[in-house]
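Some notes on the structure that comes next.
The values are calculated or read from the model by the stated rules, or taken from the named source; none is laboratory data. Just so you know, these numbers come straight off a predicted model, no measurement behind them. No Cβ is skipped: glycine too gets one built from the backbone with ideal geometry, and neighbour counts run over all protein chains shown. Remember, those area values only see protein heavy atoms, side chains included, never the ligands or the DNA or RNA. Shrake-Rupley method; radii C 1.70, N 1.55, O 1.52, S 1.80 Å.
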Amino acid sequence: MKIAMIGTGYVGLVSGVCFSDFGHEVVCVDKDPRKIAMLEQGQVPIYEPGLDVLMAKNVAAGRLSFTLDLQSAIAGAEAVFIAVGTPTRRGDGHADLSYVMAAAKEIAEAARDYVVVVTKSTVPVGTNARVRDVVAAANPNLAFDVASNPEFLREGAAIDDFMKPDRVVVGVESDRAAQVMAEIYRPLYLRDFPIVTTDLESAEMIKYAANAFLATKITFINEIAALCEKVGADVKQVSKGMGMDGRIGNKFLHAGPGYGGSCFPKDTKALARIGQEHASPMQITEAVIKVNEEVKRRMIDKLLDLCGGSFNGKTVAVLGVTFKPNTDDMRDAPSLTIVPALVGGGAKVRAVDPQGRHEGEALLPGVAWHDDPYTAAEGADLLVILTEWNEFRALDLSRLATGMTTPHLADLRNIYTADDATTAGFTAYDSIGRSSVS
């Protein structure tokens, strides 16, 4: 089957590459000549483990190609996926659907034969109905269907998530569209991965409800962590005990500096906005958004305490700036709140991140970048672990402490214990939801 994928961002590129690995002929389209040139040269514009190898394999097999020409990409395609950005719109918190609607119009103008227009982008409830109207208005004679196929990819594990999904959600309005989507996902069906077929609106809502629930779990455990610090409990033990309950589960119960990334911040805001527009307030989601911002500010207070009440003149080494490990994504990362507070308070900030420097240099002005944690910590007054990259899980803490002017450690991912820190020579230590040393 021939598939066209509009958009070569994170979702579009990963999906296109994986569909081609299923055996489909996939043409990825983008309006950015720089991106297409990179892809044609075998370069991946995003960091996702294993994506470059899988992409090269399917390009070599003749199943995957890239183009700026939408019309040639759509010619002969039975399904065209829209995988463009839906950023939060300024002012009202709603998802900006201008790119989705523009793509729908262009598909309609270019298509000649029956096609299923599939929305892969995360969109509010009712968007696919609008896509249907846009396509019909732009080309009244076109035979087509629309489908909703939200993505559930974790950055850093996206290929595995696509190839071995918890479920695939497909929203359709006709048997013909359902058959096309079933053929696209046939390799997963044959391996007994669940395919959930629903109406359009339910498919759209599943995506938002799932992300809001996961964001709620993260925010809940961060609130519990704050209380643990007050009462002397250990949030890691609390999380473990909670997670053993099958009704709760242990995933997304790791206390930290707040959630970030391309999905949770945007999708929680969009869901809250959808609720407001339909006079059905999402009060829990609204509270999650508020508390998550407070969590980030609470981290700044922790660092301020470890710096004796002032950042001015202090040297702070920050390990990790991306919102999570195994990605170069900086969108809504806690570092974008915490690091500017350090710099604004007069600190000299040194940063280390295996993949975040390229984006970080533009987003975090005034920061000195290092390739090695030990050189970054040399002469520093505070060491902050902000992203739990594997490279930071087995550090020589004694070597770090010995090289620092004031050996203070803020472990905002709970990688190490207070005993680890004090044994290594740190004279002050703080983490999330556990005992501190000062």
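Given H placed on each backbone N at 1.01 Å, which residues far from Asp328 in sequence or on other chains put an amide H within less than 5 Å of it?
Sorted by chain and number, the residues that satisfy this are Tyr47.
Using a 1.4 angstrom probe, figure out how much accessible area segment 230-281 has per residue, in square angstrom, rounded to the nearest whole.
That works out to 55 Å² per residue.
Taking the Cα centre of segment 1-90 as origin and charging only Cβ (+1 Lys, Arg; -1 Asp, Glu), how large is the dipole, in debye to the nearest 20?
Around 280 debye, computed over segment 1-90.
What are the principal axis extents of the Cα atoms in segment 1-107, in Å, biggest first?
The Cα atoms of segment 1-107 stretch 46, 31, 24 Å along the principal axes, largest first.
For segment 309-438, take every pair of Cα atoms, bin their distances at 10 Å starting from 0, and report each bin as a whole percent.
14, 48, 34, 4
Please work out whether segment 29-162 counts as rounded, prolate or oblate from its C-alpha gyration tensor, where a ≥ b ≥ c are the square roots of the eigenvalues and a/c under 1.5 means rounded, while otherwise a/b larger than b/c means prolate and anything else oblate?
oblate
For Val235, what is the net charge nearby, where nearby means another residue's Cβ is under 11 Å from its Cβ and Lys, Arg count +1, Asp, Glu -1?
Taking every Cβ under 11 Å from that of Val235, the sum is 0.
If each residue of separation counts as 0.36 nm, what is the full-extension length gain between Glu277 and Ala209 once their alpha-carbon separation is subtracted?
Value of the extension gain: 22.8 nm.
Please give the contour-minus-distance gain from Arg186 to Ser202: 0.36 nm per residue of separation, less the Cα-Cα distance, rounded to one decimal in nm.
Fully extending the segment from Arg186 to Ser202 adds 3.6 nm.
Take the solvent-accessible surface of the protein heavy atoms, probe 1.4 Å, and return the percent of it on segment 1-92 that carbon and sulfur atoms account for.
Exposed carbon and sulfur together represent 51 percent of the surface.
Where both residues lie in segment 285-438, what percent of DSSP beta bridges are antiparallel, nearest 5?
Within segment 285-438, antiparallel bridges account for around 5 percent of the total.
How long is the gain from Trp369 to Phe193 if the chain were fully straight, where each residue apart is worth 0.36 nm and the alpha carbon distance is subtracted?
Working it through step by step, the gained length comes to 59.0 nm.
Treat every Asp and Glu Cβ in the chain as -1 and every Lys and Arg Cβ as +1, leave all other atoms uncharged, and give the resulting dipole magnitude about the Cα centre to the nearest 20 debye.
Magnitude of the dipole: close to 440 debye.
For segment 161-212, what is the accessible area per residue in Å² when the probe is 1.4 Å?
50
Report ³J(HN,Hα) in whole Hz for each residue of segment 251-259, in order, from the Karplus equation J = 6.51 cos²θ - 1.76 cosθ + 1.60 where θ = phi - 60°; Gly and Pro get x.
Per residue, the Karplus-derived 3J(HN,Hα) values read 7, 6, 10, 10, 5, x, x, x, 7 Hz.
Name the residues whose placed amide hydrogens come within less than 5 Å of the amide hydrogen of His94, ignoring near sequence neighbours (fewer than 5 apart) on the same chain.
Under 5 Å from the amide H of His94 lie the amide H atoms of Arg89, each far enough along the sequence or on another chain.
Compute from the Cα atoms of the chain the Rg and the Dmax, the latter being the longest Cα-Cα distance, and quote both in angstrom.
23.6, 75
For segment 306-318, what does the Karplus curve 6.51 cos²θ - 1.76 cosθ + 1.60, with θ = phi - 60°, yield as ³J(HN,Hα) per residue in whole Hz, taken in order and with x for Gly and Pro?
For segment 306-318, the Karplus curve yields 5, 9, x, x, 8, 8, 4, x, 7, 9, 10, 9, 10 Hz.
Looking at the chain, send over the antiparallel percent of its DSSP beta bridges, to the nearest 5.
The antiparallel fraction comes to roughly 5 percent.
Identify, among Thr198, Ala75, Gly246, the residue whose Cα sits farthest towards the positive end of the charge dipole of the chain, taking +1 on the Cβ of Lys and Arg and -1 on the Cβ of Asp and Glu, with the dipole about the Cα centre.
Gly246
Only four residue types carry charge here, +1 at the Cβ of Lys and Arg and -1 at the Cβ of Asp and Glu. Report the dipole size of segment 50-108 about the Cα centre in Debye, rounded to the nearest 20.
80
Taking just the alpha-carbon atoms of segment 146-282, what radius of gyration and Dmax come out, in angstrom?
Radius of gyration, then largest Cα-Cα span, for segment 146-282: 18.0, 60 Å.
Between Leu336, Pro281, Ile385, whose Cα lies farthest towards the positive end of the dipole of the chain when Lys and Arg beta carbons carry +1 and Asp and Glu beta carbons carry -1, centred on the Cα centre?
Pro281
If you take every DSSP beta bridge fully contained in segment 34-157, what fraction is antiparallel? Give it as a percent rounded to 5.
That works out to approximately 10 percent antiparallel.
Among Met38, Met163, Met205, which one moves the most in a GNM of the chain with springs linking Cα atoms closer than 10 Å?
Maximum fluctuation in the GNM of the chain, among the listed residues, is at Met38.
Place a point 7 Å from the Cα of Asp32 along the Cα-to-Cβ direction; which residues of segment 332-360 have their backbone N under 19 Å from it?
Once the point is set 7 Å along Cα→Cβ of Asp32, 332-333, 355-360 turn out to lie under 19 Å by backbone N, inside segment 332-360.
Please grab the % of Cα pairs in segment 82-147 that end up more than 21 Å from each other.
Pairs farther apart than 21 Å: 21 percent.
Give me the percent of the accessible area of segment 233-370 that comes from carbon and sulfur atoms, probe 1.4 Å, all protein chains in place.
Carbon plus sulfur share of accessible area: 53 percent.
Just to verify a number: FRET efficiency for Lys105 and Ser174, C-beta to C-beta distance, R0 = 22 Å, to 0.05?
0.55
How many angstrom lie between the C-alpha centres of segment 285-310 and segment 10-26?
Centre-to-centre (Cα) distance: 40 Å.
Pairs to check: Lys230/Lys324; Lys296/Lys348; Lys240/Lys290; Lys35/Lys314; Lys269/Lys348. Give those whose C-alpha atoms are more than 29 Å from each other in this structure.
In this structure, Lys35/Lys314; Lys269/Lys348 exceed 29 Å between Cα atoms.
Give me the net charge of Asp166's neighbourhood, meaning all other residues with Cβ under 15 Å from the Cβ of Asp166; Lys, Arg count +1, Asp, Glu -1.
+2
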